[in-house]
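Chemist: Pasting in a structure now, in structure tokens, and then I'll have a few things to ask.
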Amino acid sequence: MGAEDNKDKNEAPSEGKEGGHDWMEFARSEGFDFAPPPRDPNKQQVVISGSELLGHICSRVTLGLILFIAFLAGAWVAGTALHDPDTCWLMAMGRQIFQTGALPSTDPFSYTFAPFSQALSGQKFVPYQWLSELIFYLVTVPGGLLPLLMLTATCMVTAFLSLPLSVAVRREAPFLLALIAVILGMLSASFHTLVRPQVFSFVFLSVFLQLVHSVRASSLAGEKKLFPMVLVAAPLVVLWSNMHTGFTTAFSVLLACLIGTTLALVFGKSPVRSLLVTFAVSMLGMLLASLVNPFGVGLWLYIPSLFFSATNKFIIELAPLDFAKPIYYPFLLLVAFYAVSFVVGLRLYLRLRKEAASVELTATAGLLLCELIISFLIGTIGTYNAVKTSRLIPFVALMLVAEIAALLGLANVLRGAGKLPAAATAATAESAEQDQKQLTPLQSENHHRGFWWNFNHHTLDLWKTGGSGELAIVCFCALAGVALIAGRVVKPELPASSVAFQAPSEQAMLVLERERSNLQGRLFNDPQIGDVLIWRSPGQPKVFIDTRFDMYGDKLVLDYRSINECESGWKEKLGQYGIDWVMIKPQAPLARALKQLSDWTVVFEDQSALIMRKVKF
């Protein structure tokens with residue numbers, strides 16, 4: 001008993017330590033660390049200033065705001081992307097390519113192109129957007145129109161939000177100012193969030209701008225060996241030139257870079273020879289890459305007829321910018337922001353030229369001059385083209401956002417490369433001497449920096465750390481916006497009516513199907529109605545015209561307008577084309593004129609469409 005009692009007494013303190021008031025120390029000795037250790041009074045504590053803490057918090061709030069903007073962008077796309085009748089023939093052509101497994105040699109949807117535009121006028125059939133059309137259709141095969149909206153939303157937020165912010169990070173621009181420019185850029189493009197091949201061009205242009213600005217930033221920092229951007233630019237153009245003629249914007253940007261670099265080298269004696277070589281090699285590689293398409297050089301030969309057609313004046317989106325329309329105000333604000341940013345960059349250059357007392361500073365001024373010349377060319381020429389043709393506004397907005405980021409980040413890039421003196425930071429010292437026995441708090445590295453520096457620093461750091469993850473999260477938020485609106489508010493349908501376009505009603509399409517036996521022969525139709533017919537009933541009937549004005553050529557488009565507007569000789573032209581029935585807008589002058597003729601009878605009429613046929617006696 002005595003031995004057992006002694007054993008219990010020896011074990012008692014251990015049990016008491018494990019289950020008594022010292023159990024936390026015992027748990028830590030066993031490897032558990034679920035509670036903070038007691039504070040060491042001999043260890044210095046790190047003190048964070050209020051401005052630094054506020055910068056931390058606001059940086060995270062800003063990133064949350066970016067995700068909310070992505071959500072709103074997705075919701076906007078879901079409600080507007082299918083309002084363009086052009087989407088109908090794009091989808092129909094994609095379906096045609098998918099079903100036949102080949103590109104058509106002539107237009108399969110109209111009866112006028114082959115005998116009139118192609119045979120008589122020599123108009124060539126060039127489906128230059130064939131890959132975009134095929135992708136659009138394939139996306140709808142498994143899940144209908146919802147995946148198509150999701151693809152469009154992903155392209156828009158990637159092109160106008162994620163990638164421009166990445167350019168701002170690379171250019172070391174103040175994040176908040178860059179975000180304001182990005183938001184203005186997104187608002188500038190808000191009228192063109194449609195399911196059209198332009199959405200791919202927006203993405204490709206953003207990628208190309210990021211590539212160009214990365215090389216320009218490296219040159220500005222004085223790096224001798226620049227990234228050979230042709231390795232990325234050439235494959236990008238191969239894909240781009242098969243999806244949309246917007247690939248020509250990349251050549252425009254690169255041409256401005258080439259001219260600006262050459263001027264800086266020749267007249268400013270700037271040390272930018274390696275940059276000039278990089279741009280020149282990229283231009284050559286991109287030109288060769290653009291020929292990798294089913295039409296070869298024929299694509300370039302077709303582009304002038306697309307961009308400079310006489311009938312472009314009838315296309316609303318190709319009209320000049322209307323300064324009275326509020327929808328264009330964000331773009332005008334963006335242009336003003338660019339002008340202010342350019343003045344900031346110019347003042348930096350003038351100050352550097354004035355203080356240049358060494359060869360190194362003179363070389364830095366030369367690099368800065370090259371940046372300003374390139375930015376001036378891109379900004380001014382791009383703005384001029386956007387004012388002249390409003391459809392170019394989204395493209396130019398992307399360019400201006402990138403240039404604003406570049407101009408605002410000039411000083412930071414140069415300072416980071418050691419080509420400018422570092423910014424002075426004010427520090428406050430303790431006025432009273434502390435007791436030697438009392439430890440002085442250990443201040444954080446950024447303790448004496450202001451709120452804006454900490455906000456910008458931590459926001460950039462968070463965005464850099466996120467990397468591709470940030471892109472995925474932004475896209476996910478946009479998809480959530482699409483799912484909410486498409487699932488709860490607006491059911492996706494093609495075509496979707498809007499203020500600018502009223503699709504033919506279901507009743508009109510049912511009458512068209514029911515009266516098919518009585519509606520034989522050649523059709524004369526409104527172009528937008530032609531888009532709908534191509535999608536809903538491809539080739540049955542074949543249309544007179546649709547909104548592919550560049551394909552039909554000037555003569556056929558002008559003949560359509562002459563007949564539809566009842567201009568001089570319209571009856572003769574109606575007979576020349578052998579028109580047997582019409583499906584037009586009830587507000588058209590032709591509708592009123594035909595109702596007054598005894599040999600034409602109304603088959604169906606509502607607010608969306610009028611169907612009439614010629615009575616044969």
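The values are calculated or read from the model by the stated rules, or taken from the named source; none is laboratory data. Note that the structure is a prediction, hence the values are computed from the model and not measured. Ideal geometry is used to build each Cβ from the backbone, glycine not excepted, and the neighbour counts take in all protein chains shown. Areas reflect the complete protein model, heavy atoms only, side chains present, ligands, DNA and RNA absent. Shrake-Rupley method; radii C 1.70, N 1.55, O 1.52, S 1.80 Å.
Chemist: Quick one: length gained pulling Asp580 to Thr362 fully straight, 0.36 nm per residue minus the C-alpha distance?
Modeler: Details: separation 218, 0.36 × 218 = 78.48 nm, distance 7.65 nm.
Additional length available on full extension: 70.8 nm.
Chemist: For Val511, Val141, give the ranking by accessible area with the largest first, probe 1.4 Å. Write out the running numbers ahead of the final one.
Modeler: Numbers: Val511 10, Val141 85 Å².
Sorted by accessible area, descending: Val141, Val511.
Chemist: Give me the Kirkwood hydrodynamic radius of the range 557-617, using the inverse of the mean 1/r over all pairs of distinct Cα atoms, in Å to one decimal.
Modeler: Numbers: mean 1/r = 0.0852 Å⁻¹.
Mean inverse Cα-Cα distance, inverted, gives 11.7 Å.
Chemist: Rounded to the nearest 10 Å², what accessible area does His83 have for a 1.4 Å probe in the complete protein model?
Modeler: Accessible surface of His83 is approximately 60 Å².
Chemist: At 0.36 nm per residue, minus the direct Cα-Cα distance, what do Arg516 and Lys325 gain on full extension? Give it in nm, one decimal, please. Each step should come with its number before you reach the end.
Modeler: Details: separation 191, 0.36 × 191 = 68.76 nm, distance 4.35 nm.
Going from the current span to full extension adds 64.4 nm.
Chemist: Would you please give the residues with an amide H less than 5 Å from that of Ser110, counting only those at least 5 places away or on a separate chain, with H modeled from the backbone geometry?
Modeler: Correct list: Val543.
Chemist: Among 242-254, 388-400, 298-310, 557-569, how do they line up by average Cβ neighbours within 10 Å per residue, starting with the highest? Could you put the intermediate results ahead of the total?
Modeler: Numbers: 242-254: 21.1, 388-400: 23.6, 298-310: 14.4, 557-569: 17.3.
Sorting 242-254, 388-400, 298-310, 557-569 by mean packing, highest first, produces 388-400, 242-254, 557-569, 298-310.
Chemist: Tabulate in residue order the Karplus-calculated ³J(HN,Hα) for the range 192-203, using 6.51 cos²θ - 1.76 cosθ + 1.60 with θ = phi - 60°, rounded to whole Hz; enter x for Gly and Pro.
Modeler: With the stated coefficients, the range 192-203 comes to 10, 8, 10, 6, 9, x, 4, 4, 6, 4, 4, 5 Hz.
Chemist: Along the principal axes of its C-alpha atoms, what lengths does the range 86-177 span, in descending order and rounded to whole Å?
Modeler: Principal extents (Cα only, largest first): 59, 34, 20 Å.
Chemist: Still on this structure, please answer the following. Give the accessible surface of the range 463-617 per residue, rounded to a whole number of Å², with probe radius 1.4 Å and ligands, DNA and RNA excluded.
Modeler: Value returned for the range 463-617: 49 Å² of accessible area per residue.
Chemist: Of the peptides 222-230, 202-210, how do they stack up when ordered by the mean number of other Cβ atoms within 10 Å, highest first? Don't skip to the answer; put the middle values down first.
Modeler: Numbers: 222-230: 14.4, 202-210: 23.3.
Descending packing order for the listed peptides: 202-210, 222-230.
Chemist: Taking 0.36 nm per intervening residue step and subtracting the Cα-Cα distance, what contour gain separates Ala102 from Leu346 on full extension? Please list the in-between numbers first.
Modeler: Details: separation 244, 0.36 × 244 = 87.84 nm, distance 5.37 nm.
Here the answer is 82.5 nm.
Chemist: Shifting gears a bit: Once ligands and nucleic acids are excluded and a 1.4 Å probe is used, how much of Arg592 is accessible, expressed in Å² to the nearest 10?
Modeler: Rounded to the nearest 10, the figure is 130 Å².
Chemist: While we're looking at this one, here's another question. Taking only protein heavy atoms into account and a 1.4 Å probe, give the accessible area per residue of the range 123-175 in Å². Walk me through the intermediate numbers first.
Modeler: Values: 1520 Å² over 53 residues.
Value returned for the range 123-175: 29 Å² of accessible area per residue.
Chemist: Note down the accessible area of Thr547, probe 1.4 Å, to the nearest 10 Å².
Modeler: Around 30 Å² of this residue is reachable by solvent.
Chemist: Of all accessible surface on the range 137-235 at a 1.4 Å probe, what whole percent is carbon and sulfur?
Modeler: Details: 2130 of 2930 Å².
With neighbouring chains kept in place, the figure for the range 137-235 is 73 percent.
Chemist: State the three equivalent ellipsoid semi-axes of the range 524-594, derived from the C-alpha gyration tensor as the square roots of 5 times its eigenvalues, in descending order and whole Å.
Modeler: Details: eigenvalues 72, 39, 25 Å².
Ellipsoid half-lengths, sorted descending, are 19, 14, 11 Å.
Chemist: Over all directions, the average projected area of the alpha-carbon convex hull for the range 466-569 comes to how many nm²? Let's see the in-between values first.
Modeler: Numbers: hull surface 43.7 nm².
Its average projected convex-hull area is 10.9 nm².
Chemist: Whole number please: convex hull volume per residue, Cα atoms of the range 86-129, in Å³.
Modeler: Values: hull volume 3.4 nm³, N = 44.
Looking at the range 86-129, the number lands at 77 Å³ per residue.
Chemist: Structure shown: which of Lys325/Lys585; Lys224/Lys419; Lys325/Lys555; Lys555/Lys595; Lys555/Lys616 lie over 22 Å apart, alpha-carbon to alpha-carbon? Could the numbers behind the result be given before it?
Modeler: Numbers: Lys325/Lys585 26 Å; Lys224/Lys419 15 Å; Lys325/Lys555 32 Å; Lys555/Lys595 27 Å; Lys555/Lys616 29 Å.
Over 22 Å Cα-Cα: Lys325/Lys585; Lys325/Lys555; Lys555/Lys595; Lys555/Lys616.
Chemist: If I compute solvent accessible area with a 1.4 Å probe over the protein chains, what percent of it on the range 255-349 is carbon and sulfur?
Modeler: Carbon with sulfur: 78 percent of the solvent-accessible area.
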